[in-house]
1. Does residue 21 satisfy the condition of being surrounded by fewer than 24 Cβ atoms within 10 Å (Cβ to Cβ), free of Cβ contacts under 8 Å to residues at least 24 places away in the same chain and part of a helix (DSSP H, G or I)?
2. Collect the residues in the range 34-57 that are modelled with pLDDT of 90 or more and surrounded by 17 or more Cβ atoms within 10 Å (Cβ to Cβ), keeping them in residue-number order.
3. Could you please let me know if residue 137 is surrounded by 17 or more Cβ atoms within 10 Å (Cβ to Cβ), modelled with pLDDT under 75 and either farther than 16 Å from residue 181 by Cβ or over 12 Å from the mean Cα position of the chain (by Cα) (or both)?
4. Take the residues of the range 6-15 that are touching a helix residue (DSSP H, G or I) at 6+ places or on another chain (Cβ under 8 Å) and buried (at least 24 other Cβ atoms within 10 Å of the Cβ): which is farthest from residue 122 (Cα to Cα)?
5. Give the residues of the range 60-81 that are in contact with a helix residue (DSSP H, G or I) (Cβ under 7 Å, 6 or more places away or on another chain), surrounded by 14 or more Cβ atoms within 10 Å (Cβ to Cβ) and within 26 Å of residue 46 (Cβ to Cβ), sorted by residue number.
6. Find all pairs meeting these conditions: Cβ atoms under 6 angstrom apart; at least six residues apart or on different chains; first residue within the range 167-185 and farther than 17 Å from residue 155 by Cβ; second residue at pLDDT 70 or above and assigned to a strand (DSSP E or B).
7. Has the range 171-181 got at least one residue that is modelled with pLDDT of 70 or more and either farther than 16 Å from residue 17 by Cβ or in contact with a strand residue (DSSP E or B) (Cβ under 8 Å, 6 or more places away or on another chain) (or both)?
């Protein structure tokens with residue numbers, strides 16, 4: 001089973017930078033493989049990690065739902081989607097990257113979220129670590145995109161509003177059936193400094 005780390009928090013608090021440093025620490029210091037997941041529709045984790053995105057879950061969702069592709073007769077829809085997700089993963093030497101992506105226009109994320117959750121459940125058997133960079137705010141928590149994690153890091157800026165937002169996220173987590181073995185609140189810049197030292 002994977003050890004899953006998820007980043008949460010308000011936009012602009014440094015979630016993606018912190019996720020990148022955590023991935024670097026796990027791969028370089030611990031020498032372990034990581035599945036990096038950019039679950040933010042405003043995808044920037046690939047840029048932070050220095051890799052080029054080849055495809056996203058949102059692309060797959062659009063292709064399948066809008067019937068832009070013909071699913072082979074020998075393949076079920078679920079198996080085809082799983083194949084496309086595996087094909088969209090960017091494979092690097094020490095980590096793999098899966099990107100959620102942004103659907104064009106006012107489309108529902110529910111289907112893409114379900115694809116992501118289903119794939120992550122399966123990926124737990126293949127990677128020692130999964131690091132998820134979530135979207136800003138709290139909606140992904142209420143939709144349970146971030147679910148069953150070992151460590152949830154709530155990043156915030158060191159202001160009254162930042163602390164208040166982090167507390168609201170903590171309260172929301174306690175009210176939902178989200179399983180987080182450990183929850184850690186930290187000023188993202190402080191955490192980044194600690195990770196950069198290692």
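The values are calculated or read from the model by the stated rules, or taken from the named source; none is laboratory data. Bear in mind that the values here come from a model prediction, so they are computed numbers and not experimental data. Every residue, glycine among them, receives a Cβ derived from its backbone with ideal geometry; neighbour counts consider all protein chains shown.
1. So residue 21 fails the test.
2. Passing the criteria: 34, 35, 36, 37, 38, 45, 46, 48, 49, 51.
3. No: the conditions fail for residue 137.
4. 13
5. The answer is 60, 61, 64, 81.
6. So the pair list comes out as 181/150.
7. Yes; the residues of the range 171-181 include at least one that is modelled with pLDDT of 70 or more and either farther than 16 Å from residue 17 by Cβ or in contact with a strand residue (DSSP E or B) (Cβ under 8 Å, 6 or more places away or on another chain) (or both).
Residue by residue, here is whether (1) in a loop (DSSP other than H, G, I, E, B); (2) touching a residue at least 60 places away in the same chain (Cβ under 8 Å); (3) within 28 Å of residue 93 (Cα to Cα) holds:
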{"residue": "28", "(1), (2), (3)": "no, yes, yes"}
{"residue": "37", "(1), (2), (3)": "no, yes, yes"}
{"residue": "47", "(1), (2), (3)": "no, no, yes"}
{"residue": "52", "(1), (2), (3)": "yes, no, yes"}
